[in-house]
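A short write-up of the structure that comes next.
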Amino acid sequence: MAFTKLHLIDPILKSLEAEGYQSPTPIQAQSIPYVLEGRDLLGCAQTGTGKTAAFAIPILQLLYKQKQEERGPRKIKTLILTPTRELAIQIDESFAAYGKHTGLSHAVIFGGVSQLPQVNILRKGIDILVATPGRLLDLISQGYIDLKDLKIFVLDEADRMLDMGFIHDVKRVITKLPAKRQTLFFSATMPPEIQKLADVLLTRPAKVEVTPVSSTAEAIDQSLYLVEKKDKPSLLLHLLNNSPISSVLVFTRTKHGADKVVKFLHRSHIASAAIHGNKSQNARQNALSNFKSGKIRVLVATDIAARGIDIDDLSHVINFELPDVPETYVHRIGRTGRAGNSGIAFSFCGADERDALKDIQKLIGKNIPVVNEHPFPSDAPAAPVPAMVRQKTPQQKPGAGNRGKSNHFKFRRKKDKIPSSHIAAHK
Ligand code: AMP
């Protein structure tokens, strides 16, 4: 099925083409028509299924059509409430990508950082707001956000809101919304409290469900390498030289990290290329076609850059760094073993990544088998080391070592998991 079958407008089709999306995922094919009809929606789907586009695309289309008939300052017409800052950022980036040609404006707000830049953007007037609950309530109570013109409300990852202790904040946000609105409700699971919330929020919803993302992980042969951060490049080289890897997508967390891996591989005479947001469209296309044609067998990518690239016959995925969002792990490894082929995924886990590993293993419901026989085994303790120690390596000069590392990542884990009322108190 093509996106054109979903009656999407040209400005959106153009962006989807630029993203490299060829056809809608099942959740998109099912949800988009209902949302365009103005119906409430109950979606059982996780990150990694394409659910962000399943709501972002039709929302952009509805708002674009409304905008043609409106004059005056922009008011918030859509609110997307999501539990973590990284999800909030990803959703906002999706609106930016799919809505590039719509002229609609969007903003993202989350706790743990100064509110001033966020307030400045809100003051200019926006159509779409992506928010985590604590910061949203904070800015509402300070009078910076008014939701009385809201037309569409999206509650994303409702069950995770419950797990993270945000459910009361979510309920408080709901009291601030106009009664007449379209509501889209997404949750991977439906525990009783979430079902109750859905019953209250939704009016005769259309229901769509897709296979949980974690089940895709079962088909893939996964292994874990416990390795010190400094040894990861050497381990990568070792695997490239000693395993039957015909084509591999290597994931790093940052653009800087991707470039570093490629430089190291070049020095070791392994043809590779990086694709990430700092590369021109041309450079990315070149890298991709060289990879697809087999000229290079290693492509190094960040999660964002890897979006929308569809590569068949990938023999391996290597997680050079573990992702902080567990669903991202499943999505990454799902890029190998497509179309019935068996896939292989290697993951490198440093001492500072044990928390991320725990979350991933919880999501996929099993422990990833550890490979003990390799030349760079880590003798680091299993417990995570404190953040201050983690960021220093002998090669780093003070103040120079973290360039290119995402600040988002540094705060994420601790702050997003504490109740948002505490985040407000830390400002
Ligand atoms: P999500 O479940 O929304 O986090 O999306 C998972 C990933 O799939 C993201 O990296 C998206 O960019 C990508 N994606 C979403 N829809 C499509 C599509 N129709 N074709 C290809 N990639 C997609």
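Scan the range 246-270 for residues that are in a helix (DSSP H, G or I) and in contact with a Phe, Trp or Tyr (Cβ under 8 Å, 6 or more places away or on another chain) and jot them down.
From the range 246-270, those in a helix (DSSP H, G or I) are 255-267; that's our starting set.
Listed by number, the residues that qualify are Gly257, Val261.
Filtering the range 328-366 down to residues that are of a type in the set (Lys, Arg) and closer than 24 Å to His238 by Cβ, which residue is modelled with the highest pLDDT?
Per the criteria, the residue is Arg354.
When you check Thr302 against the structure, is it away from the ligand (no atom under 16 Å from the Cβ), in the same structural domain as Thr328 (by TED's automatic domain parsing), under 22 Å from the mean Cα position of the chain (by Cα) and not acidic (Asp, Glu), yes or no?
Values: away from the ligand (no atom under 16 Å from the Cβ): no; in the same structural domain as Thr328 (by TED's automatic domain parsing): yes; under 22 Å from the mean Cα position of the chain (by Cα): yes; not acidic (Asp, Glu): yes.
No.
Please give the number of the condition Gly134 fails out of (1) on the phi > 0 side of the Ramachandran plot; (2) of a type outside the set (D, E, K, R); (3) in a helix (DSSP H, G or I).
(1)
When the range 46-73 is examined, which residues are found to be at pLDDT below 90 and in contact with an Asp or Glu (Cβ under 7 Å, 6 or more places away or on another chain)?
Gln46, Thr47, Gly48
Would you check which residues across the range 150-170 are surrounded by fewer than 21 Cβ atoms within 10 Å (Cβ to Cβ), modelled with pLDDT of 95 or more and in a loop (DSSP other than H, G, I, E, B) and list them?
Matches in the range 150-170: Leu150, Lys151.
Considering only residues that are among the charged types (D, E, K, R) and free of Cβ contacts under 8 Å to residues at least 12 places away in the same chain, look in the range 356-376 and name the one that is nearest to Leu240 (Cα to Cα).
Only one residue fits best here, namely Glu373.
Count, please, the residues in the range 271-304 that happen to be closer than 27 Å to Phe95 by Cβ and part of a helix (DSSP H, G or I).
Number satisfying all stated conditions: 9.
Test Ile109 against the criterion of being among the β-branched types (Val, Ile, Thr), in contact (Cβ under 8 Å) with a residue 12 or more places away in the chain and surrounded by 15 or more Cβ atoms within 10 Å (Cβ to Cβ), and give yes or no.
yes
The values are calculated or read from the model by the stated rules, or taken from the named source; none is laboratory data. Keep in mind that this is a model prediction, so the values were computed, not measured. Positions of Cβ are backbone-derived with ideal geometry, glycine not excepted, and every protein chain shown enters the neighbour counts.
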